[in-house]
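Novice: Here it is, the structure, as structure tokens.
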Amino acid sequence: MQGNAPVGVFDSGLGGLSVLREIRQLLPQERLFYVADSGHVPYGDKSPEFIRQRSQLIAGFLLEQGAKALVVACNTATAAAVLSLRETWPQLPIIGMEPAVKPAAAATRSGVVGVLATTGTLQSAKFAALLDRFASDVRVITQPCPGLVECVEAGELASPATRQLLQALVAPLLAQGCDTLILGCTHYPFIKPLLRELVPESVSLIDTGEAVARHLQRLLAERGLLASQHSGADAFWSSADTTKVSAVLPVLWGKIEMVNPLPV
């Protein structure tokens with residue numbers, strides 16, 4: 001495996017770009033290949049078996065493009081599929097996402113932690129195990145967020161409709177004394193500026209994109225796979241209408257990129 005081979009990253013949609021930008025910032029020399037499975041977004045209301053099937057197809061596609069590592073930039077896909085991906089490709093560095101329960105439990109002063117996430121993530125065994133392991137001494141209040149992923153997919157990060165939805169989602173958490181909020185979906189960091197307007201400054205907002213980028217850096221370094229120089233352009237694919245995805249990409253990624261149709 002060549003160090004200058006690309007890193008493959010995928011998500012149910014465009015939310016994983018929040019992780020991709022952390023990887024780009026930490027590892028500017030890496031070539032990044034990104035797949036948005038926006039034709040099937042959100043994963044949160046799909047069955048675990050469907051998500052596993054999609055994840056296997058997308059991972060296989062990225063490996064065909066020469067990816068040297070995979071980042072599953074989706075909490076729901078990680079919960080449903082990361083174990084099966086690691087079983088299929090045991091030699092490949094595969095990094096998943098998980099809600100930041102451990103740092104949130106350490107950060108809370110009130111002892112009340114709120115979790116904004118998809119239904120799929122909140123119902124997963126992986127999330128239950130995180131709570132058992134790290135949150136036995138704090139109260140965790142979970143809040144499913146139907147509709148929020150779709151707002152981000154549309155690039156509506158601060159629209160009146162997004163504000164109204166987000167206000168309704170966080171109000172019950174604040175009313176119960178939550179002083180720490182976990183952003184348990186990779187789409188949600190994009191609405192962090194809006195969220196910051198809706199919650200007191202004393203409420204900590206925690207996501208895991210930066211930690212995932214650091215973990216990727218460690219794994220690549222351990223295996224001698226860090227790129228020595230930036231070679232070739234980044235590439236993007238989507239299973240949805242590429243025209244619509246291309247229109248939203250500058251809002252979330254910060255620049256215009258060509259989006260290719262995903263053939264799987």
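Read the figures in this text as sums done on the coordinates, not as results from a lab. The shown structure was predicted, so the numbers you read here are calculated from the model rather than taken from an experiment. Glycine also receives a Cβ, built like all others from the backbone with ideal geometry; neighbour counts cover every protein chain displayed.
Novice: Between Arg223 and Gln25, what FRET efficiency follows from the Cβ-Cβ distance if R0 is 22 Å, with the result rounded to 0.05?
Specialist: The value I calculate is 0.55.
Novice: In debye to the nearest 20, how big a dipole does the chain give about its Cα centre with +1 on each Lys and Arg Cβ and -1 on each Asp and Glu Cβ?
Specialist: Details: 21 positive and 23 negative charges, 80 e Å.
Value, rounded to 20: 380 debye.
Novice: The list (1) 35, 21, 16; (2) 29, 21, 17; (3) 27, 21, 17 gives values of semi-axes √(5λ) of the Cα gyration tensor in Å, and only one came from this structure; which label was calculated from it?
Specialist: Label (2) holds the value from this structure.
Novice: Hey, another quick one. Of all GluC sites (Glu not before Pro) in the stretch 14-109, which ones are in loop regions per DSSP and have a Cβ with at most 11 other Cβ atoms within 10 Å?
Specialist: none
Novice: Please list, ordered by chain and number, the residues whose modelled amide H lies under 5 Å from the amide H of Val138; skip anything fewer than 5 residues away on the same chain.
Specialist: For Val138, no residues qualify.
Novice: With runs of 4+ DSSP H residues as the only contributors, calculate the mean residue ellipticity of the chain at 222 nm using -39,500 (n - 2.57) per run, divided by the residue total and rounded to the nearest 500.
Specialist: For the chain, the value works out to -13500 deg cm²/dmol.
Novice: For labels at Met258 and Arg86 in the simple 7 Å Cα→Cβ model, what's the distance in nm?
Specialist: The modelled label-to-label distance comes out at 3.7 nm.
Novice: Express in nm, to one decimal, how much length is gained between Ala171 and His230 on full extension, taking 0.36 nm for each residue of separation and deducting their alpha carbon distance.
Specialist: Contour length minus the Cα-Cα distance gives 16.8 nm.
Novice: Considering only C-alpha atoms, what is the centroid distance from the stretch 45-76 to the stretch 172-247, in Å?
Specialist: 17 Å
Novice: How much length would be gained if the chain were fully extended between Gln123 and Ala211, taking 0.36 nm per residue of separation minus their Cα-Cα distance, in nm to one decimal?
Specialist: Stretched fully, the Gln123-Ala211 segment lengthens by 29.4 nm.
Novice: How far apart, in nanometres, would the label points at Ala161 and Arg109 be if each is projected 7 angstrom from Cα along the Cα-to-Cβ direction?
Specialist: Taking the simple label geometry, Ala161 and Arg109 are separated by 3.8 nm.
Novice: Based on DSSP loop calls and a cut-off of at most 15 other Cβ atoms within 10 Å, the longest stretch of the chain free of exposed trypsin sites (Lys or Arg not before Pro) is what?
Specialist: 110-222
Novice: Right, next: Using a simple charge model, +1 on the beta-carbon of Lys and Arg, -1 on the beta-carbon of Asp and Glu, nothing else, what dipole does the stretch 101-206 show about its Cα centre, in debye to the nearest 20?
Specialist: Dipole size: approximately 260 debye.
Novice: Here's something else I'd like to know. Of all GluC sites (Glu not before Pro) in the stretch 180-264, which ones are in loop regions per DSSP and have a Cβ with at most 11 other Cβ atoms within 10 Å?
Specialist: Glu201
Novice: In the stretch 135-227, with Lys and Arg counted as +1 and Asp and Glu as -1 at Cβ, which of these residues, Leu220, Val152, Leu183, has the Cα nearest the positive end of the dipole, that is, farthest along it?
Specialist: Leu220
Novice: Work from the charge dipole of the chain (Cβ charges, +1 for Lys and Arg, -1 for Asp and Glu, about the Cα centre) and give the residue of Leu57, Leu169, Val251 farthest towards its positive end.
Specialist: So the residue we want is Leu57.
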